[in-house]
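The values are calculated or read from the model by the stated rules, or taken from the named source; none is laboratory data. Everything quoted here is computed from the prediction, not taken from an experiment. A quick note on method: Cβ atoms are made from the backbone with ideal geometry, for glycine too, and the neighbour counts reach across all protein chains shown. The protein model used for the area step is the full one, side chains on, heavy atoms only, and it has no ligands, DNA or RNA in it. Shrake-Rupley method; radii C 1.70, N 1.55, O 1.52, S 1.80 Å.
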Amino acid sequence: MSKGFHYRWLACFFFLGLTAMGQRAANEAVRQTMQQGAAAMTSGKFDQAVEAYTSVTHLQPGFAEGFFNLGLAEEQAGHLDEARIALEQAIHLKPSLRGAHLFLGTIAYKRDRYKEAEDDFLAETRIDPHGAKAFMWLGVSRLAEDRPEAAIGPLDKANDLAPGDVDTLYHRGRAYFLAAKDSYAAMFKADPDSFRVHQVLAESAAEAFRAEEAISQYETAIKLAPRQSGLHESLGDQYWTSGNLDKAAEAYKAELEIDPTDTMAKFKLGSLDVVHVNSAEGIPLLRQALQEDPTLRDAHYYLGDGLLDLDQDAEAAHEYELAIAVDPTDDRAMTSYYRLAQAYKKLHRTDDAREALANYQRLKAQTQARQDSRRAQIVRKRSQLPVDDSDKLPDSVDK
(Lines give C-alpha, C1' and ligand atoms only; values in the text may rest on other atoms or scores of the structure.)
Protein backbone atom coordinates (compact mmCIF):
# COMPACT_ATOMS: atom_id res chain seq x y z
CA MET A 1 0.00 0.00 0.00
CA SER A 2 1.22 3.49 -0.78
CA LYS A 3 2.49 5.50 2.16
CA GLY A 4 0.34 8.39 0.98
CA PHE A 5 -3.37 8.90 1.49
CA HIS A 6 -6.05 9.68 -1.01
CA TYR A 7 -7.91 12.88 -0.24
CA ARG A 8 -11.31 11.21 -0.48
CA TRP A 9 -10.43 9.28 2.64
CA LEU A 10 -9.18 12.42 4.42
CA ALA A 11 -12.19 14.54 3.53
CA CYS A 12 -14.31 13.34 6.43
CA PHE A 13 -11.76 14.73 8.90
CA PHE A 14 -11.70 18.18 7.29
CA PHE A 15 -15.45 18.51 7.26
CA LEU A 16 -15.74 17.20 10.82
CA GLY A 17 -13.33 19.92 11.82
CA LEU A 18 -15.41 22.46 9.94
CA THR A 19 -18.56 21.31 11.74
CA ALA A 20 -16.86 21.61 15.10
CA MET A 21 -15.75 25.09 14.15
CA GLY A 22 -19.32 26.03 13.38
CA GLN A 23 -20.33 24.87 16.86
CA ARG A 24 -17.53 26.56 18.78
CA ALA A 25 -16.29 29.65 16.97
CA ALA A 26 -17.98 32.98 17.31
CA ASN A 27 -15.67 34.68 14.87
CA GLU A 28 -17.21 34.78 11.39
CA ALA A 29 -13.77 35.37 9.86
CA VAL A 30 -12.52 32.12 11.33
CA ARG A 31 -15.52 30.22 9.98
CA GLN A 32 -15.01 31.61 6.48
CA THR A 33 -11.28 30.86 6.58
CA MET A 34 -12.02 27.27 7.58
CA GLN A 35 -14.32 26.97 4.58
CA GLN A 36 -11.61 28.36 2.32
CA GLY A 37 -9.17 25.80 3.64
CA ALA A 38 -11.62 22.97 3.07
CA ALA A 39 -12.31 24.15 -0.48
CA ALA A 40 -8.58 24.34 -1.21
CA MET A 41 -8.07 20.82 0.13
CA THR A 42 -10.93 19.49 -1.99
CA SER A 43 -9.41 21.00 -5.12
CA GLY A 44 -5.91 19.75 -4.28
CA LYS A 45 -4.47 23.22 -3.65
CA PHE A 46 -2.66 22.19 -0.51
CA ASP A 47 -0.39 25.24 -0.16
CA GLN A 48 -3.45 27.49 -0.21
CA ALA A 49 -5.06 25.23 2.39
CA VAL A 50 -1.96 25.59 4.57
CA GLU A 51 -2.25 29.39 4.37
CA ALA A 52 -5.93 29.31 5.27
CA TYR A 53 -5.54 26.97 8.23
CA THR A 54 -2.48 28.87 9.46
CA SER A 55 -4.68 31.98 9.56
CA VAL A 56 -7.25 30.02 11.57
CA THR A 57 -4.66 29.07 14.18
CA HIS A 58 -3.61 32.73 14.49
CA LEU A 59 -7.19 33.94 14.76
CA GLN A 60 -8.15 31.27 17.31
CA PRO A 61 -5.03 29.65 18.84
CA GLY A 62 -7.03 27.44 21.21
CA PHE A 63 -8.99 25.69 18.45
CA ALA A 64 -7.61 22.12 18.22
CA GLU A 65 -9.43 21.30 14.99
CA GLY A 66 -7.74 24.23 13.29
CA PHE A 67 -4.30 22.80 14.10
CA PHE A 68 -5.51 19.36 13.10
CA ASN A 69 -6.60 20.52 9.65
CA LEU A 70 -3.39 22.50 9.31
CA GLY A 71 -1.45 19.32 10.03
CA LEU A 72 -3.34 17.41 7.36
CA ALA A 73 -2.82 20.19 4.82
CA GLU A 74 0.91 20.35 5.60
CA GLU A 75 1.14 16.57 5.22
CA GLN A 76 -0.56 16.68 1.84
CA ALA A 77 1.73 19.52 0.77
CA GLY A 78 4.74 17.36 1.66
CA HIS A 79 5.80 19.39 4.71
CA LEU A 80 6.11 16.52 7.17
CA ASP A 81 7.94 18.35 9.96
CA GLU A 82 5.39 21.16 9.94
CA ALA A 83 2.55 18.63 9.80
CA ARG A 84 3.90 16.81 12.85
CA ILE A 85 4.20 20.05 14.84
CA ALA A 86 0.64 21.09 14.02
CA LEU A 87 -0.82 17.68 14.87
CA GLU A 88 1.07 17.55 18.17
CA GLN A 89 -0.35 20.96 19.05
CA ALA A 90 -3.85 19.70 18.21
CA ILE A 91 -3.34 16.78 20.60
CA HIS A 92 -1.97 19.12 23.28
CA LEU A 93 -5.12 21.24 23.02
CA LYS A 94 -7.49 18.26 22.81
CA PRO A 95 -5.98 14.90 23.79
CA SER A 96 -9.13 13.01 22.79
CA LEU A 97 -9.18 14.42 19.24
CA ARG A 98 -10.04 11.62 16.83
CA GLY A 99 -7.61 11.12 13.94
CA ALA A 100 -4.64 13.16 15.18
CA HIS A 101 -2.59 10.19 16.40
CA LEU A 102 -3.53 8.30 13.23
CA PHE A 103 -1.95 10.91 10.99
CA LEU A 104 1.02 11.41 13.30
CA GLY A 105 1.56 7.68 12.96
CA THR A 106 1.51 7.82 9.19
CA ILE A 107 4.07 10.60 9.20
CA ALA A 108 6.36 8.52 11.41
CA TYR A 109 5.76 5.52 9.16
CA LYS A 110 6.78 7.49 6.07
CA ARG A 111 10.07 8.25 7.80
CA ASP A 112 10.63 4.59 8.72
CA ARG A 113 10.15 5.32 12.43
CA TYR A 114 8.02 2.24 12.87
CA LYS A 115 8.05 1.98 16.67
CA GLU A 116 7.03 5.63 16.96
CA ALA A 117 4.30 5.02 14.38
CA GLU A 118 3.09 1.96 16.30
CA ASP A 119 2.76 4.00 19.50
CA ASP A 120 0.62 6.60 17.72
CA PHE A 121 -1.59 3.98 16.09
CA LEU A 122 -2.09 2.30 19.46
CA ALA A 123 -3.08 5.63 20.96
CA GLU A 124 -5.58 6.15 18.14
CA THR A 125 -7.18 2.73 18.73
CA ARG A 126 -7.75 3.72 22.37
CA ILE A 127 -9.39 7.01 21.36
CA ASP A 128 -11.42 5.46 18.57
CA PRO A 129 -11.80 1.69 19.16
CA HIS A 130 -14.11 1.43 16.15
CA GLY A 131 -11.69 3.01 13.66
CA ALA A 132 -10.64 0.31 11.21
CA LYS A 133 -7.84 2.38 9.64
CA ALA A 134 -5.97 2.78 12.92
CA PHE A 135 -5.97 -0.98 13.49
CA MET A 136 -4.91 -1.58 9.90
CA TRP A 137 -1.97 0.83 10.18
CA LEU A 138 -0.99 -0.66 13.53
CA GLY A 139 -0.70 -4.01 11.75
CA VAL A 140 1.20 -2.45 8.84
CA SER A 141 3.73 -0.83 11.19
CA ARG A 142 4.33 -4.17 12.92
CA LEU A 143 4.84 -5.82 9.55
CA ALA A 144 7.45 -3.17 8.79
CA GLU A 145 9.15 -4.10 12.08
CA ASP A 146 9.30 -7.75 10.89
CA ARG A 147 6.73 -8.82 13.49
CA PRO A 148 4.09 -10.58 11.39
CA GLU A 149 2.58 -12.57 14.27
CA ALA A 150 2.04 -9.34 16.23
CA ALA A 151 0.46 -7.78 13.12
CA ILE A 152 -2.22 -10.45 12.76
CA GLY A 153 -4.34 -9.33 15.74
CA PRO A 154 -4.88 -5.69 14.73
CA LEU A 155 -5.34 -6.65 11.07
CA ASP A 156 -8.00 -9.18 12.05
CA LYS A 157 -9.68 -6.43 14.10
CA ALA A 158 -9.53 -4.02 11.15
CA ASN A 159 -11.12 -6.67 8.95
CA ASP A 160 -13.89 -7.21 11.50
CA LEU A 161 -14.59 -3.46 11.63
CA ALA A 162 -14.48 -2.94 7.84
CA PRO A 163 -15.00 -6.26 6.05
CA GLY A 164 -13.95 -6.30 2.42
CA ASP A 165 -11.43 -3.45 2.58
CA VAL A 166 -8.85 -4.50 -0.01
CA ASP A 167 -5.91 -2.81 1.72
CA THR A 168 -6.67 -4.58 4.98
CA LEU A 169 -7.18 -7.90 3.22
CA TYR A 170 -3.84 -7.54 1.44
CA HIS A 171 -1.87 -6.73 4.60
CA ARG A 172 -3.75 -9.35 6.63
CA GLY A 173 -2.97 -12.03 4.06
CA ARG A 174 0.67 -10.96 3.99
CA ALA A 175 0.88 -11.12 7.79
CA TYR A 176 -0.50 -14.66 7.86
CA PHE A 177 1.81 -15.69 5.02
CA LEU A 178 4.92 -14.29 6.70
CA ALA A 179 3.99 -15.79 10.06
CA ALA A 180 3.49 -19.19 8.45
CA LYS A 181 6.77 -18.82 6.58
CA ASP A 182 8.61 -18.04 9.82
CA SER A 183 6.99 -21.00 11.55
CA TYR A 184 7.92 -23.39 8.75
CA ALA A 185 11.48 -22.07 8.66
CA ALA A 186 11.77 -22.74 12.39
CA MET A 187 10.37 -26.23 11.86
CA PHE A 188 12.91 -27.01 9.11
CA LYS A 189 15.70 -25.76 11.34
CA ALA A 190 14.52 -27.73 14.38
CA ASP A 191 14.22 -31.08 12.60
CA PRO A 192 14.82 -31.19 8.83
CA ASP A 193 14.02 -34.95 8.77
CA SER A 194 10.67 -34.65 10.56
CA PHE A 195 7.56 -36.03 8.91
CA ARG A 196 6.10 -32.53 9.36
CA VAL A 197 8.64 -31.20 6.86
CA HIS A 198 7.42 -33.63 4.21
CA GLN A 199 3.81 -32.95 5.20
CA VAL A 200 4.12 -29.22 4.61
CA LEU A 201 5.94 -29.84 1.32
CA ALA A 202 3.10 -32.13 0.30
CA GLU A 203 0.49 -29.53 1.25
CA SER A 204 2.37 -26.89 -0.71
CA ALA A 205 2.49 -29.13 -3.79
CA ALA A 206 -1.21 -29.93 -3.40
CA GLU A 207 -2.09 -26.22 -3.25
CA ALA A 208 -0.12 -25.76 -6.49
CA PHE A 209 -2.07 -28.64 -8.11
CA ARG A 210 1.08 -30.81 -8.36
CA ALA A 211 -0.61 -34.05 -7.33
CA GLU A 212 2.25 -36.45 -8.12
CA GLU A 213 4.72 -34.41 -6.09
CA ALA A 214 2.22 -34.18 -3.24
CA ILE A 215 1.72 -37.96 -3.32
CA SER A 216 5.47 -38.55 -3.11
CA GLN A 217 5.86 -36.23 -0.12
CA TYR A 218 2.85 -37.69 1.70
CA GLU A 219 4.21 -41.21 1.18
CA THR A 220 7.55 -40.15 2.66
CA ALA A 221 5.79 -38.55 5.62
CA ILE A 222 3.81 -41.77 6.19
CA LYS A 223 6.99 -43.85 6.18
CA LEU A 224 8.34 -41.62 8.93
CA ALA A 225 5.07 -41.52 10.91
CA PRO A 226 2.84 -44.41 9.77
CA ARG A 227 0.29 -43.94 12.57
CA GLN A 228 -0.06 -40.16 12.28
CA SER A 229 -3.72 -39.28 11.81
CA GLY A 230 -4.61 -37.22 8.76
CA LEU A 231 -1.72 -38.23 6.53
CA HIS A 232 -3.45 -41.20 4.87
CA GLU A 233 -6.60 -39.17 4.24
CA SER A 234 -4.62 -36.37 2.61
CA LEU A 235 -2.79 -38.95 0.50
CA GLY A 236 -6.14 -40.40 -0.54
CA ASP A 237 -7.32 -36.96 -1.61
CA GLN A 238 -4.34 -36.61 -3.92
CA TYR A 239 -4.85 -40.09 -5.37
CA TRP A 240 -8.49 -39.20 -6.04
CA THR A 241 -7.43 -35.93 -7.69
CA SER A 242 -4.96 -37.77 -9.94
CA GLY A 243 -7.58 -40.39 -10.89
CA ASN A 244 -6.11 -43.36 -9.00
CA LEU A 245 -9.28 -44.33 -7.17
CA ASP A 246 -8.11 -47.77 -6.01
CA LYS A 247 -5.17 -46.31 -4.13
CA ALA A 248 -7.39 -43.52 -2.81
CA ALA A 249 -9.71 -46.12 -1.29
CA GLU A 250 -6.75 -47.95 0.25
CA ALA A 251 -5.53 -44.72 1.82
CA TYR A 252 -8.95 -43.91 3.33
CA LYS A 253 -9.18 -47.45 4.75
CA ALA A 254 -5.76 -46.99 6.33
CA GLU A 255 -6.92 -43.71 7.85
CA LEU A 256 -9.95 -45.41 9.40
CA GLU A 257 -7.74 -48.13 10.88
CA ILE A 258 -5.78 -45.39 12.65
CA ASP A 259 -8.84 -43.33 13.60
CA PRO A 260 -12.19 -45.15 13.30
CA THR A 261 -14.00 -41.94 14.29
CA ASP A 262 -12.77 -39.94 11.27
CA THR A 263 -16.01 -38.77 9.67
CA MET A 264 -14.33 -37.40 6.55
CA ALA A 265 -12.54 -40.67 5.84
CA LYS A 266 -15.85 -42.56 6.18
CA PHE A 267 -17.51 -40.11 3.81
CA LYS A 268 -14.77 -40.35 1.20
CA LEU A 269 -14.41 -44.11 1.39
CA GLY A 270 -18.18 -44.52 1.14
CA SER A 271 -18.24 -42.26 -1.89
CA LEU A 272 -15.48 -44.27 -3.56
CA ASP A 273 -17.31 -47.51 -2.82
CA VAL A 274 -20.32 -46.11 -4.67
CA VAL A 275 -18.10 -45.00 -7.58
CA HIS A 276 -16.68 -48.55 -7.72
CA VAL A 277 -20.23 -49.96 -7.87
CA ASN A 278 -19.82 -51.34 -4.38
CA SER A 279 -22.87 -49.52 -3.10
CA ALA A 280 -23.81 -52.07 -0.47
CA GLU A 281 -20.64 -51.20 1.48
CA GLY A 282 -20.61 -47.50 0.61
CA ILE A 283 -24.17 -46.66 1.69
CA PRO A 284 -23.71 -47.53 5.41
CA LEU A 285 -20.51 -45.46 5.54
CA LEU A 286 -22.25 -42.48 3.93
CA ARG A 287 -25.23 -42.70 6.25
CA GLN A 288 -22.95 -42.89 9.26
CA ALA A 289 -20.97 -39.87 8.02
CA LEU A 290 -24.18 -37.87 7.53
CA GLN A 291 -25.38 -38.81 10.99
CA GLU A 292 -22.12 -37.48 12.43
CA ASP A 293 -22.03 -34.41 10.18
CA PRO A 294 -25.33 -33.44 8.48
CA THR A 295 -23.60 -30.63 6.54
CA LEU A 296 -21.80 -33.07 4.20
CA ARG A 297 -23.67 -32.05 1.06
CA ASP A 298 -21.67 -34.31 -1.28
CA ALA A 299 -22.54 -37.31 0.88
CA HIS A 300 -26.18 -36.84 -0.13
CA TYR A 301 -25.16 -36.93 -3.78
CA TYR A 302 -23.12 -40.14 -3.51
CA LEU A 303 -25.71 -41.72 -1.25
CA GLY A 304 -28.25 -40.99 -3.98
CA ASP A 305 -25.98 -42.70 -6.52
CA GLY A 306 -25.66 -45.76 -4.31
CA LEU A 307 -29.37 -46.00 -3.65
CA LEU A 308 -30.12 -45.56 -7.35
CA ASP A 309 -27.70 -48.38 -8.13
CA LEU A 310 -29.63 -50.63 -5.72
CA ASP A 311 -32.97 -49.61 -7.26
CA GLN A 312 -34.06 -47.74 -4.13
CA ASP A 313 -35.24 -44.96 -6.40
CA ALA A 314 -37.52 -42.97 -4.09
CA GLU A 315 -34.81 -42.73 -1.41
CA ALA A 316 -32.27 -41.82 -4.08
CA ALA A 317 -34.47 -38.99 -5.37
CA HIS A 318 -34.78 -37.63 -1.83
CA GLU A 319 -30.98 -37.57 -1.39
CA TYR A 320 -30.49 -35.73 -4.69
CA GLU A 321 -33.11 -33.20 -3.63
CA LEU A 322 -31.20 -32.62 -0.39
CA ALA A 323 -27.95 -32.11 -2.33
CA ILE A 324 -29.61 -29.58 -4.63
CA ALA A 325 -31.26 -27.67 -1.78
CA VAL A 326 -27.90 -26.52 -0.38
CA ASP A 327 -27.23 -24.41 -3.50
CA PRO A 328 -29.44 -24.94 -6.57
CA THR A 329 -27.04 -23.00 -8.83
CA ASP A 330 -23.59 -24.62 -8.57
CA ASP A 331 -21.85 -27.54 -10.28
CA ARG A 332 -22.91 -30.10 -7.70
CA ALA A 333 -26.54 -29.08 -8.17
CA MET A 334 -26.09 -29.48 -11.93
CA THR A 335 -24.97 -33.11 -11.68
CA SER A 336 -27.56 -33.77 -8.97
CA TYR A 337 -30.34 -32.56 -11.28
CA TYR A 338 -29.16 -35.05 -13.89
CA ARG A 339 -29.20 -37.95 -11.42
CA LEU A 340 -32.53 -36.75 -10.07
CA ALA A 341 -34.01 -36.87 -13.56
CA GLN A 342 -32.86 -40.49 -13.83
CA ALA A 343 -34.46 -41.34 -10.48
CA TYR A 344 -37.73 -39.63 -11.41
CA LYS A 345 -37.81 -41.50 -14.70
CA LYS A 346 -37.45 -44.84 -12.93
CA LEU A 347 -40.29 -43.79 -10.64
CA HIS A 348 -42.42 -42.93 -13.73
CA ARG A 349 -42.62 -39.29 -12.62
CA THR A 350 -42.34 -38.07 -16.20
CA ASP A 351 -43.09 -34.38 -15.64
CA ASP A 352 -40.68 -34.15 -12.69
CA ALA A 353 -37.99 -35.92 -14.70
CA ARG A 354 -38.46 -33.47 -17.56
CA GLU A 355 -38.20 -30.48 -15.20
CA ALA A 356 -35.08 -31.85 -13.49
CA LEU A 357 -33.42 -32.48 -16.85
CA ALA A 358 -34.29 -28.96 -18.00
CA ASN A 359 -32.63 -27.55 -14.85
CA TYR A 360 -29.56 -29.68 -15.55
CA GLN A 361 -29.34 -28.41 -19.14
CA ARG A 362 -29.81 -24.81 -18.00
CA LEU A 363 -27.01 -25.04 -15.44
CA LYS A 364 -24.78 -26.85 -17.91
CA ALA A 365 -25.15 -24.01 -20.41
CA GLN A 366 -24.43 -21.42 -17.71
CA THR A 367 -21.28 -23.15 -16.48
CA GLN A 368 -19.81 -24.15 -19.84
CA ALA A 369 -17.63 -21.06 -20.17
CA ARG A 370 -16.29 -21.49 -16.65
CA GLN A 371 -15.53 -25.14 -17.22
CA ASP A 372 -13.71 -24.36 -20.45
CA SER A 373 -11.16 -22.43 -18.41
CA ARG A 374 -11.03 -24.91 -15.53
CA ARG A 375 -11.03 -28.43 -16.88
CA ALA A 376 -9.31 -30.21 -14.00
CA GLN A 377 -11.48 -30.94 -10.97
CA ILE A 378 -9.70 -30.82 -7.63
CA VAL A 379 -10.57 -31.32 -3.99
CA ARG A 380 -10.81 -27.71 -2.85
CA LYS A 381 -12.14 -28.41 0.64
CA ARG A 382 -11.73 -31.38 2.92
CA SER A 383 -15.43 -32.22 2.53
CA GLN A 384 -15.71 -31.44 -1.21
CA LEU A 385 -15.18 -34.20 -3.75
CA PRO A 386 -14.59 -33.78 -7.50
CA VAL A 387 -17.70 -33.02 -9.55
CA ASP A 388 -18.34 -34.93 -12.78
CA ASP A 389 -17.48 -32.96 -15.91
CA SER A 390 -20.79 -32.00 -17.52
CA ASP A 391 -19.30 -32.63 -20.97
CA LYS A 392 -19.16 -36.32 -20.10
CA LEU A 393 -22.84 -36.45 -19.19
CA PRO A 394 -25.41 -36.84 -21.98
CA ASP A 395 -28.15 -34.30 -22.45
CA SER A 396 -30.81 -36.96 -22.05
CA VAL A 397 -31.35 -39.58 -19.38
CA ASP A 398 -32.29 -42.01 -22.15
CA LYS A 399 -28.62 -42.34 -23.17
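Checking R113 against (1) in contact with a helix residue (DSSP H, G or I) (Cβ under 8 Å, 6 or more places away or on another chain); (2) surrounded by fewer than 24 Cβ atoms within 10 Å (Cβ to Cβ), which single condition isn't satisfied?
(1)
I'd like the full set of residues that are without any contact (Cβ under 8 Å) to a residue 60 or more places away in the chain, assigned to a helix (DSSP H, G or I), open to solvent by 30 Å² or more (accessible area, probe 1.4 Å) and not basic (K, R), limited to segment 240-255.
Taking segment 240-255 first, the residues without any contact (Cβ under 8 Å) to a residue 60 or more places away in the chain are 242-255.
If we keep only those that are assigned to a helix (DSSP H, G or I) as well, we get 242, 245-255.
Retained after the next criterion (residues that are open to solvent by 30 Å² or more (accessible area, probe 1.4 Å)): 242, 245-247, 250, 253.
Once the filter is applied, which keeps residues that are without any contact (Cβ under 8 Å) to a residue 60 or more places away in the chain, assigned to a helix (DSSP H, G or I), open to solvent by 30 Å² or more (accessible area, probe 1.4 Å) and not basic (K, R), segment 240-255 yields S242, L245, D246, E250.
Considering only segment 79-112, state which residues are charged (D, E, K, R) and closer than 21 Å to A158 by Cβ.
First, the residues of segment 79-112 that are charged (D, E, K, R): 81-82, 84, 88, 94, 98, 110-112.
Hits for segment 79-112 are R98, K110.
Within segment 323-334, identify whether any single residue is part of a helix (DSSP H, G or I), touching an Asp or Glu at 6+ places or on another chain (Cβ under 7 Å) and within 29 Å of T350 (Cβ to Cβ), and answer yes or no.
Keep residues of segment 323-334 that are part of a helix (DSSP H, G or I), which gives 323-326, 331-334.
With touching an Asp or Glu at 6+ places or on another chain (Cβ under 7 Å) added as a condition, the list becomes 332-333.
Filter once more, keeping what is within 29 Å of T350 (Cβ to Cβ): 332-333.
Within segment 323-334, one or more residues are part of a helix (DSSP H, G or I), touching an Asp or Glu at 6+ places or on another chain (Cβ under 7 Å) and within 29 Å of T350 (Cβ to Cβ).
What do you reckon, is P294 outside any helix (DSSP H, G or I) and open to solvent by 60 Å² or more (accessible area, probe 1.4 Å)?
Numbers: outside any helix (DSSP H, G or I): yes; open to solvent by 60 Å² or more (accessible area, probe 1.4 Å): yes.
Yes: the conditions hold for P294.
Go through D391, D398, D351 for me and flag whichever is at pLDDT below 70, in a helix (DSSP H, G or I), surrounded by fewer than 21 Cβ atoms within 10 Å (Cβ to Cβ) and among the charged types (D, E, K, R).
On the way: D398 fails: in a helix (DSSP H, G or I); D351 fails: at pLDDT below 70.
So the residue among D391, D398, D351 that is at pLDDT below 70, in a helix (DSSP H, G or I), surrounded by fewer than 21 Cβ atoms within 10 Å (Cβ to Cβ) and among the charged types (D, E, K, R) is D391.
Going through I85, I91, I152, I127 one at a time, which residue ends up being open to solvent by 80 Å² or more (accessible area, probe 1.4 Å) and of a type in the set (A, V, I, L, M)?
On the way: I91 fails: open to solvent by 80 Å² or more (accessible area, probe 1.4 Å); I152 fails: open to solvent by 80 Å² or more (accessible area, probe 1.4 Å); I127 fails: open to solvent by 80 Å² or more (accessible area, probe 1.4 Å).
Exactly one residue qualifies, and that residue is I85.
Return the residues of segment 223-239 that are in a helix (DSSP H, G or I) and open to solvent by less than 60 Å² (accessible area, probe 1.4 Å); say none if nothing qualifies. Show your work before the answer.
Going residue by residue through segment 223-239, those that are in a helix (DSSP H, G or I) are 223-224, 231-239.
Within segment 223-239, L231, H232, E233, S234, L235, G236, D237, Q238, Y239 qualify.
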